[in-house]
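This report concerns only the one structure given below.
The values are calculated or read from the model by the stated rules, or taken from the named source; none is laboratory data. Being a predicted model, the structure only gives us computed values, none of them experimental. Don't worry about glycine lacking a Cβ; one is built from the backbone with ideal geometry, like all the others, and counts go over all protein chains shown. With ligands, DNA and RNA removed, areas are computed over all heavy atoms of the protein, side chains included. Shrake-Rupley method; radii C 1.70, N 1.55, O 1.52, S 1.80 Å.
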Amino acid sequence: DRPRPLHGRRVLVTAGPTREAIDPVRFIGNRSSGRMGFALAEAFGARGADVILVTGPVARPAPAVAELVQVETALEMDAAVMARVADADIFVAAAAVADYRPAEVAADKIKKQMDELVIRLVKNPDILARVAARRPRPFVVGFAAETSQLEQHAVAKLHGKGLDMIAANQVGAEEGGFDAADNALLVLWAGGQHSFPLMPKPQLADRLVDLIVERYLASTPR
Ligand code: C5P
């Protein structure tokens, strides 16, 4: 039997993309598959945690968790997280949340009349930064998907958002990242860093969760 170091702890995980409606039939989305977030939820569960998984729309079956919350938009994900974060010991933001949403959602399907169409976008709340700003707060882990200067951007996000840990991955490269079965990660925290080579996401999630548990237990006198 595997040790259950998170027995009695609550872990809140976000996963998948969000969809931001343009009109009743169209949305702005992204290529997140939900694989990494789902694999993390599963790995936390295997270590004894009560896992709450808040997920955007994905095409794969969700793992068995204590609570599954299915949302569509960033605003819905934000509300679902804020309603549950007070009880969480660890928060992991693996969702690819849309940074912007259309300022207005057209009530009727937009017709192709004009040669050009401008859709004005407004900023969505940064769920991860909002959780990190709370006091008291859970142990907070974010992700950073970057197309260049991986470490610099990750360090900036670790400090800028006030996180306990950040897991950065290169996207737009040949292998790994969004909508891929495999991934590689550079993980940073205040006292150190660790890099995981390219491997299947379930295996990577397992090793990342071991590192999160180690840092979480070291960082808190709970
Ligand atoms: O700033 P950036 O979007 O690159 O940060 C990525 C991290 O922030 C991920 O952990 C993602 O889940 C989280 N995030 C969030 N809410 C947003 C945007 C990003 O929780 N609106």
- Excluding ligands, DNA and RNA, the carbon-plus-sulfur percentage of the accessible area of region 10-218 with a 1.4 Å probe reads 48
- About its Cα centre, how strong a charge dipole does the chain have in debye, to the nearest 20, once Lys and Arg get +1 and Asp and Glu get -1 at the Cβ? 500
- Here region 124-141 yields Karplus 3J(HN,Hα) values (6.51, -1.76, 1.60; θ = phi - 60°; whole Hz; Gly and Pro given as x) of 8, x, 8, 4, 4, 5, 5, 5, 5, 7, 6, 9, x, 9, x, 5, 10, 10
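Calculate, for residue 104 and residue 182, the FRET efficiency according to 1/(1 + (r/R0)^6) with r their C-beta to C-beta distance and R0 35 Å; round to the nearest 0.05.
For R0 = 35 Å, the calculated efficiency reads 0.30.
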- Quick one: helix 35-46 against the long Cα principal axis of the chain, what's the angle to the nearest 10°, folded into 0 to 90? 30
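For region 1-92, with only Lys/Arg (+1) and Asp/Glu (-1) charged at the beta-carbon, what is the dipole magnitude about the Cα centre, in debye rounded to 20?
With Lys and Arg at +1 and Asp and Glu at -1, about 360 debye.
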- For residue 116 and residue 21, what does the FRET efficiency come to when R0 = 22 Å and r is the distance between their Cβ atoms, rounded to the nearest 0.05? 0.60
- Using a basic spin-label model with each label point 7 Å from the Cα along Cα→Cβ, how many nm lie between residue 64 and residue 135? 4.2
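Show that you can apply the helix-only estimate: for the chain, add -39,500 (n - 2.57) for every DSSP H stretch of four or more residues, divide by all residues, and state [θ] at 222 nm to the nearest 500.
Theoretical 222 nm ellipticity from helices: -8000 deg cm²/dmol.
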- Query: Per 5 Å bin, what percent of the C-alpha pairs of region 1-138 does each bin hold, from zero upward?
  - Reply: 2, 10, 19, 19, 17, 12, 8, 6, 3, 2, 1, 0, 0
- Message: With just the Cα atoms defining each centre, how far is region 188-219 from region 66-111? Give it in Å.
- Response: 25
- Starting at the first residue of region 188-194, write each ³J(HN,Hα) from the Karplus equation 6.51 cos²θ - 1.76 cosθ + 1.60 with θ = phi - 60°, in whole Hz, x for Gly and Pro. 10, 8, 4, x, x, 7, 8
- Task: Please name which of 136, 11, 27 has its Cα lying farthest along the dipole of the chain towards the positive end, using unit charges on Cβ (Lys, Arg +1; Asp, Glu -1) and the Cα centre as origin.
- Result: 136
- Which whole-number value in Å² is the accessible area per residue of region 10-218, probe 1.4 Å? 50
